[in-house]
1. In the set Glu35, Glu18, Glu10, Glu14, which member is acidic (Asp, Glu), at pLDDT below 80, over 23 Å from Glu62 (Cβ atoms) and not assigned by TED's automatic domain parsing to the domain that holds Val65?
2. Residues being over 20 Å from Gly66 (Cβ atoms) and modelled with pLDDT of 75 or more: count how many of those fall in segment 42-53.
3. Need pairs with beta-carbon distance below 7 Å; first residue closer than 16 Å to Glu35 by Cα and within segment 3-16, second of a type in the set (Gly, Ala, Ser) and at pLDDT below 75; sequence gap 6+ or separate chains.
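The values are calculated or read from the model by the stated rules, or taken from the named source; none is laboratory data. Just so it is clear, the structure is predicted and the values come from calculations on it, not from any experiment. All Cβ positions, glycine included, derive from the backbone under ideal geometry; neighbour counts span all protein chains shown.
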Amino acid sequence: MALGSGSGIELIEELEDEYSLRQMAIITGRPDLLEAAPLLERGPLTVIRKPFAPSQVVACIEQLVGRPLSAQRANASGAPNLTPGT
């Protein structure tokens with residue numbers, strides 16, 4: 001999990017701290033999760049490994065928001081509303 005100017009781990013930690021995330025999901029092409037071990041210790045983490053099927057991402061999002069995406073009402077832009085509890 002590497003980015004041009006830092007690591008994916010650092011980015012996730014910053015996002016988690018800034019937004020008080022309770023659950024996270026990552027998509028990785030890495031063959032092992034040794035680099036993600038600190039994240040695994042911090043709380044719930046869903047890992048999707050590349051290559052993946054689109055249905056895996058949909059199932060992960062449905063699990064995170066707590067309901068099927070097919071039941072979501074689209075917002076004004078046409079995008080599904082992914083806010084839990086709405």
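1. Of Glu35, Glu18, Glu10, Glu14, the one residue that is acidic (Asp, Glu), at pLDDT below 80, over 23 Å from Glu62 (Cβ atoms) and not assigned by TED's automatic domain parsing to the domain that holds Val65 is Glu35.
2. 5
3. As it stands, the answer is Gly8/Ala2; Ile9/Ala36, since those pairs meet every condition given.
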